[in-house]
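The values are calculated or read from the model by the stated rules, or taken from the named source; none is laboratory data. These numbers were taken from a predicted model, which means no experiment stands behind them. Counting neighbours? That spans all protein chains shown, and the Cβs are built from the backbone with ideal geometry, glycine included. Side chains are part of the model used for accessible areas, which takes the heavy atoms of the whole protein and leaves out ligands, DNA and RNA. Shrake-Rupley method; radii C 1.70, N 1.55, O 1.52, S 1.80 Å.
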Amino acid sequence: MLILAFESSCDETSVAVAEIDGTKYEIRSNIVASQITMHTLYGGVVPEIASRAHTEAISKLTYEALESANVTPEDIDVVAVTSNPGLIGALLVGVGFAKGFAAMYNKPIVAVNHIKGHTAAAYYNNCDLKAPFFALVASGGHTSLIDVKSPTEYVTVGRTRDDAAGEAFDKVARVLGIGYPGGAVMDALAYKGDKNAIKLPSPALADSIDFSFSGLKTAVINYVNTQRQKGVEISNEDIAASFTNAVVKAIIKNLEKAHELYSYDTLVIAGGVAANSHLRTAAAELARKLGVRLCIPEKSLCGDNAAMIAAQAYHDFTAGKIADSSLNAFSYQVT
Ligand code: KG4
Ligand code: ZN
């Protein structure tokens, strides 16, 4: 079936057309308009600016996505849209537009959970992936360990108790003055530094499979400020390497603990932070050690995009989860 999907939960407006039948997952178009340059000045996403930018972009992107997929609105079988969680004003732009499109062309509409969408990005390069599986979704807004019981039934069994992993990458990058968002820059810098240069606390909590990234972030910020006050030169490379090592080690530790608890045989790692090359290498090693199958989306599908929403919408639609005209957006998780 041909799915037209919309994603506007944060600072990317994305529209995609995908052809999916459950064994074949094919992206026909996946246009992502990033707003990063609009938010860089503020060092983070400004919700009002995000909503306005989505409003300005979404209509044009929709017709671009249809054209580049070589389809007409009439060819579309299902309309899909991220409805939760995310920035409420940003989500409302996508939901409102998708509802209008579905009503105008008389198409069914599916409301997709953004976190499930991240996980579903793994279907594109692992077409035979089938639930049950275990998932880590690590992004700028979330860090969750999920027992995926079926393609539509997700049970969160571990989570961050404060900052998300991506948020911690961004905040450390900000204090180092190396740009926003900082994940990709930190990833590259970490290769040039010594991962044992700075002693940092682990974000893996001892009593559970939860995380706390705020202590780690504060430890790095304190280290940077103290060194600066003393007039000691700091090495961004050593900080990136030590910080990345602490994050990756904690994630691997909790995934290993989760394996003892949930005995999963397939592991999916998704979300913006899944693009981190150090995490990808460590996860591959862990999968070999545990004898589990590892599915990670291609790097280009780790960050927010609408193709991932189309993939999850296929599963929601086939499970009969079809929304009606009362469909709304929610900043918190509802589906
Ligand atoms: O999934 P995403 O695009 O948006 C949210 O749903 O939040 O994730 C964005 C986050 C940002 O915090 C960004 O710094 C982080 O993903 N990120 C990375 C890398 N690429 C993006 N973090 C670590 N290493 C990377 N290579
Ligand atoms: Zn996301």
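May I ask you to verify whether Tyr154 is aromatic (Phe, Trp, Tyr) and more than 16 Å from ligand 2 (Cβ to nearest atom)? It is false that Tyr154 is aromatic (Phe, Trp, Tyr) and more than 16 Å from ligand 2 (Cβ to nearest atom).
Only residues that are in contact with a Phe, Trp or Tyr (Cβ under 9 Å, 6 or more places away or on another chain), closer than 18 Å to Leu189 by Cβ and assigned to a loop (DSSP other than H, G, I, E, B) were counted across the range 220-264, and they come to 1. Among the residues of the range 261-313, just one is within 15 Å of ligand 2 (Cβ to nearest atom) and acidic (Asp, Glu), namely Asp304.
Among helices (runs of 4 or more DSSP H) entirely within the range 76-186, having at least 2 residues that are free of Cβ contacts under 8 Å to residues at least 12 places away in the same chain and open to solvent by 10 Å² or more (accessible area, probe 1.4 Å) singles out 88-105.
Among the residues of the range 15-29, not a single one is within 16 Å of ligand 2 (Cβ to nearest atom) and in a loop (DSSP other than H, G, I, E, B). Being aromatic (Phe, Trp, Tyr) and farther than 30 Å from Thr156 by Cα is the filter; apply it to the range 187-228 and report the residue that is most open to solvent (accessible area, probe 1.4 Å). It comes out as Tyr191.
So, in the range 286-328, exactly how many residues are within 18 Å of the chain's Cα centre (by Cα) and in a loop (DSSP other than H, G, I, E, B)?
7
Go through the range 265-276 residue by residue and tally those that are open to solvent by less than 20 Å² (accessible area, probe 1.4 Å) and within 13 Å of ligand 1 (Cβ to nearest atom).
6
When the residues of the range 19-43 are filtered to those that are open to solvent by 70 Å² or more (accessible area, probe 1.4 Å) and among the hydrophobic types (A, V, I, L, M, F, W, C), which remaining residue is modelled with the lowest pLDDT? Per the criteria, the residue is Leu41.
Number of residues in the range 185-241 that are of a type in the set (A, V, I, L, M) and in contact with a Gly (Cβ under 8 Å, 6 or more places away or on another chain): the value is 5.
Yes or no, residue by residue, for (1) modelled with pLDDT of 95 or more; (2) more than 17 Å from the chain's Cα centre (by Cα); (3) within 16 Å of ligand 1 (Cβ to nearest atom):
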residue: Gly166; (1), (2), (3): yes, no, yes
residue: Ile178; (1), (2), (3): no, yes, yes
residue: Val224; (1), (2), (3): yes, yes, no
residue: Ile234; (1), (2), (3): yes, yes, no
residue: Ser242; (1), (2), (3): yes, yes, yes
residue: Asn254; (1), (2), (3): yes, yes, no
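Scanning the range 285-305 for residues that are touching a residue at least 24 places away in the same chain (Cβ under 8 Å), more than 21 Å from Lys249 (Cα to Cα) and within 12 Å of ligand 1 (Cβ to nearest atom) yields Leu301, Gly303, Asp304, Asn305.
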